[in-house]
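Where a number appears in this text, it was derived from the coordinates with a stated rule and is not lab data. Keep in mind the model is a prediction, meaning the values are calculated, not measured. Glycine also receives a Cβ, built like all others from the backbone with ideal geometry; neighbour counts cover every protein chain displayed.
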Ligand code: 6LJ
């Protein structure tokens, strides 16, 4: 139904090719399986310009295929508009948090709640580390953290 979107979340990391597209895909599948995806606007973005226009890292794609989580995304950078249009901007590490707060301070009427996704982890692992220079097992850990955090975030907002 048009106009029934009332919740929104933007997942953010450094390049928008490893962690944040995984978080976006995991959250979209969870919301879909819970029958509430129509209530949400779900997207992801980068703090940097490093990978603009690129698809997700092949190691993350392999990880998502293994877990049967559809992932389709093209990297984009956070925009000023994101800070006024999204209710939540959830990021991965303290560097992301600093970059986002700095960007938000240059936006009139920034209203997004900017938080670490790991804030929602029932196992209290606050930081989702950059797997760019890592291995398949680092991507698996990212997936597992995103799974726990997204489940708790969805539950909290249901
Ligand atoms: C400007 C200088 C850096 C990374 C990444 C790291 C490095 C990435 C990347 C995550 C997603 C021109 C661009 C850093 C996509 C790309 C290589 C360097 C990019 C860094 C530091 C520690 C751990 C990981 N930087 N690309 N160039 N993460």
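Scanning segment 122-136 for residues that are out of contact with any strand residue (DSSP E or B) (no Cβ under 9 Å at 6 or more places or on another chain), surrounded by 14 or more Cβ atoms within 10 Å (Cβ to Cβ) and closer than 16 Å to residue 151 by Cβ returns a single hit, 125. Candidates 96, 81, 109, 54: the one that is farther than 18 Å from residue 147 by Cβ, within 16 Å of the ligand (Cβ to nearest atom) and surrounded by fewer than 19 Cβ atoms within 10 Å (Cβ to Cβ) is 54. Evaluating residue 90 against the criteria (1) within 16 Å of the ligand (Cβ to nearest atom); (2) touching a strand residue (DSSP E or B) at 6+ places or on another chain (Cβ under 7 Å) leaves one unmet condition, (1). Across segment 1-24, which residue is nearest to residue 133 (Cα to Cα) among those that are more than 16 Å from the ligand (Cβ to nearest atom) and touching a helix residue (DSSP H, G or I) at 6+ places or on another chain (Cβ under 8 Å)? Filtering first and then ranking leaves 10.
So, residue 126, is that one away from the ligand (no atom under 16 Å from the Cβ), in a loop (DSSP other than H, G, I, E, B) and touching a helix residue (DSSP H, G or I) at 6+ places or on another chain (Cβ under 9 Å) or not? Yes, satisfied.
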